[in-house]
Every structure is written in structure tokens, then in C-alpha cells.
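Student: I am attaching a structure below and will ask some questions about it afterwards.
The values are calculated or read from the model by the stated rules, or taken from the named source; none is laboratory data. Because the structure is predicted, anything quoted here is derived from the model rather than measured. Positions of Cβ are generated from backbone atoms using ideal geometry, with glycine treated the same way; all protein chains shown enter the neighbour counts. When the accessible area is computed, the model is the full protein with side chains, heavy atoms only, and any ligands, DNA or RNA have been set aside. Shrake-Rupley method; radii C 1.70, N 1.55, O 1.52, S 1.80 Å.
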Amino acid sequence: MSRVSRRRALTLAGVGAAGLAGAAALTQLKNEPELTTAASATDAVAFTGPNQAGIVTPAQDRLHFVAFDVVTKDRDRLIKLLKDWTAAAARMTAGKDAGVIGAVDGIPEAPPDDTGEAIGLPPSGLTITIGFGPTLFRDASGKDRFALAAHLPPALEPLPKFTGDTIDDAISGGDIAIQACANDPQVAVHAIRNLARIGMGAVSVRWSQLGFGRTSSTSTGQATPRNLFGFKDGTRNLKAEETDLLREHLWVQPGDGPDWLAGGSYLVTRKIRMLIETWDRSPLAEQEMIIGRTKGTGAPMGMTGEFDEVDFDSVGADGQPLLATTSHVRLAHPHTNNNARMLRRGYNFVDGSDGLGRLNAGLFFIAYQRDPRKAFIPVQRSLAANDEMNEYVRHVSTGIFACPPGLTGPDDFWGSALFA
């Protein structure tokens, strides 16, 4: 394993402004050592590989998610941006500045090619993951924007409106999404800030979201976290070690759609506001009935251990099912949804308080899957129609993106197969 300090970038003093070009950055990348999966808050995560980092790699504690609108009409300008972003992301995930000059060693007359707030900070397990929205392929009028329409995956359709949705279009959708996760919030913010800076004139920020406290575990080595309702979340999440299940439910396989997406995945985002104050006034027994798990151990109702199999058939002394027919666990379980599985990677959020003094807080839901038509959409339809929890949550934003496979090496860039 190699850990590279951002300070090392400062030794590149004297490189001229022309060195900021993406091609130069990619050349620099060729000399980077191979990095291994993060094992602690200070480690770097490999940037290249068959799949993008930030999906099955261990979920970090902090999130900065952003959706961009592409404002340039020039296909070549868009491709150059993707190359520049790839080079900058490779550098930042290795713990370096975004550009080859760095935050403080450029000429005084020019803006630095790094914003500087991460100087002295380690990589912190930073991962940067990209996805392409359906509007990158065709705009609202159906126009083929960048000669990409023939490569639009059939499964990359805008999500339908579900029962109870209160979607705000201003914080939904987007042409390109980037997820930055790290164990230090300043490292994640630094990554998105610099990518937005590099994209100025080609893209504009449509919306963004900060998150904290991962709400699921993506490896067997991680404990199950709790959401803002105080319950364990993601107990049955797909895990990195379950390679057969990942192949079946997570990674797009050859023949599923266009070749450029094989080895990638579909990303669904939903911002779910939790009505915290209403929930906090609910009795414990009612909370547990709604979730379908005990609050202490996280065990399914009627069971004793968190990872015990859910019992759908047992009834209590009153003749009623121990696991309520409207419970979240029952309705979301693969058993109820034709074995639909997703890899969830969501985060808690608190965006201050609203005008009535209530917490503007909840879950920023992130899920990756092989085909949303067979996973998120049928599961959410089931939940939207019957979940008792709907009384306590509001879905306020939505998004779907196709995430290409991982990078083959230092000469590759995000979307290379799509734009080939």
C-alpha cells in the first residue's frame, strides 16, 4: 500500500500553467503506484479496476454528492472535461492536489489549480464515482445532444412518480452525477469543489447534497449503522464479499444493454425527508411495528438476532402476524419482491431547520443495481402503496444515472467507451 501526501505535489513547483491540461495530468498519473483498498481513515482507495470505486468499496462516513447540467454544446469540450476530471479525481483519491502545480506553488498572477483546503490531510479513503443521466443522451424535446442517443441504455429512463411523491424538480435529475465519499468531510467537499471549478463553462451545478453517518454497510467487516429514526439500516444489504450476488444483482452484464455499460451499474438517488418530531412522539412498540425490527438489537420481529432470517408466517397470541403486513421490512424484503436486491449506500442528512423549527433531516438514499426496472422500481412501488412508514417520510428528490465500469489504467477516462 502506498500513501501519498498532498505535500508531495508541491515539489512540482516550476511547472507552467500549460501543465494544467488534462493530458499532462494523465501523463503524471502513469507514474502513480498501484493503491490498495482503504483499511483506515487515512488510506487511499484504488482508483482503477474493473468496477468504479465508491460502490462496493467500504462505505465511508461522509458524502458530498453533486448533479451537474452540461451547458456546453460541444462534444469535444465535454470529452476534454471528462478527461480532465478523471485526471484530477485520480490525483485527489491518491491524496494529492487536484492539479499538478498545486494550491500554493503556481505563479502569483494565476489562480491555483487546487483550492487548498485539503493541504496536509491524508486521502481519507476518498472515492469519486461518476454516473450519466438520461438527459445527457436526449434533452426534454428528444434532441440527441452529443450523438449519444443510440447508446442510451433501455433501463436508463426517468423514474416514475410513486404514490405520495412530493418531488422538487430543482433538486432532482441532472446530466452527470458525481458521488464523493471520504472519512473526512473536508476531503469530500474538496473533491467536489475542485471538479466543479474545473468544469466551469462546460457544466453548472444543478443540485448537491452533503451526508454523514453511512446508513448501510457494504462489507462484512462493517457494523450495521443506524438511521435518524434510531434503527439499524441495511442489515440485508449486498456485501462486497458476495461476488455471485453482486454479479446477479449489481453489475450490468454483457448483453444487458449497450456494451459501454457492461461492468457498470445503475445509480438511483432519493432524498427522503424524515418527519423527526412526529416519529419521536411515537411509542417504541409502534416504531418497532412500523420498521419490523426491534430497536435495540435490530432483530426481525419475533426473532432474537439482527441477522436472523425474517419469519413471515408466525402470529402472536392475538392471532396477528408478528411481522406486520405493512412493516417496512416485510414490504422491502426480497421475498416480497421477486428476489429484487440492491446495494444501498445512503447517508443521513441534516439541512438545518425549516421555518417551523423542525429539523430538515432524513436519508439521502443511494442504491446501485443491475436493472432498476427489476429492483428499485418494483420495491418502491410496494413501499409507496403500503408502507406504514410513509406517514413519517416524504420523498422530495429523485435521480437515476448509468455508472460506467471502472478505468482500465492511466490512459483511460470516465466515459471513454461511451464516447468511442
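Student: Under 8 Å by Cβ, and 6 or more places apart or on different chains, what pairs join a residue from the range 75-104 that is at positive phi with one that is of a type in the set (V, I, T) and modelled with pLDDT under 95?
Tutor: Within 8 Å, the pairs are G95/V4.
Student: Still on this structure: Is it true that some residue in the range 317-327 is in contact with a Ser or Thr (Cβ under 7 Å, 6 or more places away or on another chain), at pLDDT 95 or above and either open to solvent by 30 Å² or more (accessible area, probe 1.4 Å) or farther than 20 Å from L267 by Cβ (or both)?
Tutor: No, the conditions are met nowhere in the range 317-327.
Student: List pairs: first residue in the range 261-288 and in contact (Cβ under 8 Å) with a residue 24 or more places away in the chain and under 18 Å from F162 (Cβ atoms), second residue part of a loop (DSSP other than H, G, I, E, B) and β-branched (V, I, T) anywhere in the structure, Cβ distance under 8 angstrom, at least six positions apart or on different chains.
Tutor: Y266/V252
Student: Follow-up. Contact list please: Cβ distance under 6 Å, first residue in the range 219-242 and more than 24 Å from N51 (Cβ to Cβ) and in a loop (DSSP other than H, G, I, E, B), second residue among the polar types (S, T, N, Q) and modelled with pLDDT under 95, pairs at least six apart or on different chains.
Tutor: Going by the 6 Å Cβ cut-off, the qualifying pairs are N227/T215.
Student: Checking the structure you have, find out if any residue of the range 182-190 is surrounded by 23 or more Cβ atoms within 10 Å (Cβ to Cβ), not acidic (D, E) and not in a helix (DSSP H, G or I).
Tutor: As a first pass, look at the range 182-190 and keep what is surrounded by 23 or more Cβ atoms within 10 Å (Cβ to Cβ): 182, 187-188, 190.
Add one more test, that the residue is not acidic (D, E), and what stays is 182, 187-188, 190.
Next, only the ones that are not in a helix (DSSP H, G or I) stay: 182.
Among the residues of the range 182-190, at least one is surrounded by 23 or more Cβ atoms within 10 Å (Cβ to Cβ), not acidic (D, E) and not in a helix (DSSP H, G or I), which makes the answer yes.
Student: Evaluate the range 344-363: report whether one residue or more is of a type in the set (K, R) and over 24 Å from L284 (Cβ atoms). Outline the logic, then answer.
Tutor: Step one: list which residues in the range 344-363 are of a type in the set (K, R), which gives 344-345, 358.
In the following step, the residues that additionally are over 24 Å from L284 (Cβ atoms) were identified as 344-345.
Yes, that holds for at least one residue.
Student: Moving on. Please give the number of the condition E309 fails out of (1) open to solvent by 20 Å² or more (accessible area, probe 1.4 Å); (2) under 30 Å from A170 (Cα atoms).
Tutor: With (1) open to solvent by 20 Å² or more (accessible area, probe 1.4 Å); (2) under 30 Å from A170 (Cα atoms) applied to E309, the lone miss is (2).
Student: Restricting to the range 384-420, what's the tally of residues that are open to solvent by less than 20 Å² (accessible area, probe 1.4 Å) and either within 15 Å of V268 (Cβ to Cβ) or without any contact (Cβ under 8 Å) to a residue 12 or more places away in the chain (or both)?
Tutor: So the answer is 7.
Student: Quickly run through the range 342-363 and pick out the residues that are surrounded by fewer than 21 Cβ atoms within 10 Å (Cβ to Cβ) and outside any strand (DSSP E or B).
Tutor: Selection gives D354, G355, L356, G357, R358.
Student: Filter the range 280-302 for residues that are open to solvent by 70 Å² or more (accessible area, probe 1.4 Å) and in contact with a Lys or Arg (Cβ under 9 Å, 6 or more places away or on another chain) and give the result.
Tutor: Passing the criteria: L284, T297.
Student: Here's something else I'd like to know. Any residue at all in the range 296-304 that's modelled with pLDDT of 95 or more, among the β-branched types (V, I, T) and farther than 21 Å from P225 by Cα?
Tutor: Taking every residue of the range 296-304 in turn, none turns out to be modelled with pLDDT of 95 or more, among the β-branched types (V, I, T) and farther than 21 Å from P225 by Cα.
Student: Out of the range 364-383, which residues are part of a loop (DSSP other than H, G, I, E, B) and either crowded, with 20+ Cβ neighbours inside 10 Å or hydroxyl-bearing (S, T, Y) (or both)? First the steps, then the outcome.
Tutor: So the first thing to find is which residues in the range 364-383 are part of a loop (DSSP other than H, G, I, E, B), and the list is 370-375.
Hits for the range 364-383 are R370, P372, A375.
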